[in-house]
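Data first, discussion second: the structure below is written as structure tokens.
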Amino acid sequence: MANALYPKWKETISQADSNSALNSAEGTTGVYVALVDTGTYTYSAAHQFYSDLSGVVGTDQEITTKTQTNGVFDGDDVTFTSVSGNTVEALVIYRKNGGANTTWPLVAYIDSSVTGLPVTPNGGNIDIQWNVSGIFAL
């Protein structure tokens, strides 16, 4: 699978759903990224919420200092600390809100053009450096 924006999230954008916005405050709500083992999870255009994911490795990290310019979403690089578990081949970006994970919309699936992936965790940190041109563009 090549990098993709989840169609269900794009649908919420076209409907101006408040749960689709990526400019939410940082903290308990915000835009997060998960490390994913594709031996356990397979991308599906039908997937809509975080609860559809499997194969998450480590602790999800928030993307801070988010920007959205000319349709390009970007943010600070992220560091996953002390990661152990299965091999990581992909990233999934999602929007966390105050509700259950059955309401956190999946935004983007990224499995190519990521420096350092795939990686087999060894208990150390995994650093994700986004492309200088941004994380994704609409």
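The values are calculated or read from the model by the stated rules, or taken from the named source; none is laboratory data. Please read these numbers as outputs of a predicted model, since none were measured by experiment. Cβ sites come from the backbone with ideal geometry, for glycine too, and all protein chains shown count toward neighbours. The accessibility values were calculated without ligands, DNA or RNA, using every heavy atom of the protein model including side chains. Shrake-Rupley method; radii C 1.70, N 1.55, O 1.52, S 1.80 Å.
Set side by side, the residues THR28, THR40, THR59 differ, and just one is more than 24 Å from GLY134 (Cβ to Cβ) and either among the aliphatic types (A, V, I, L, M) or touching a Lys or Arg at 6+ places or on another chain (Cβ under 8 Å) (or both), which is THR28. For region 74-94, a residue qualifies if it is more than 16 Å from the chain's Cα centre (by Cα) and surrounded by fewer than 19 Cβ atoms within 10 Å (Cβ to Cβ), and the qualifying residues are THR81, SER82, SER84, GLY85, ASN86, THR87.
For region 75-84, the criterion of being more than 18 Å from GLY124 (Cβ to Cβ) and either assigned to a strand (DSSP E or B) or not small (Gly, Ala, Ser) (or both) is met by at least one residue.
A Cβ distance below 7 Å, combined with a sequence gap of six or more or placement on separate chains, defines the contacts here; from region 1-28, residues that are modelled with pLDDT under 80 reach residues that are part of a strand (DSSP E or B) and open to solvent by 70 Å² or more (accessible area, probe 1.4 Å) in the pairs ASN23/GLN68. Looking at THR38, is it β-branched (Val, Ile, Thr), modelled with pLDDT of 95 or more, in a strand (DSSP E or B) and open to solvent by 40 Å² or more (accessible area, probe 1.4 Å)? No: the conditions fail for THR38. Considering (1) modelled with pLDDT under 95; (2) closer than 20 Å to LEU53 by Cβ, the lone condition that SER113 does not fulfil carries the number (2).
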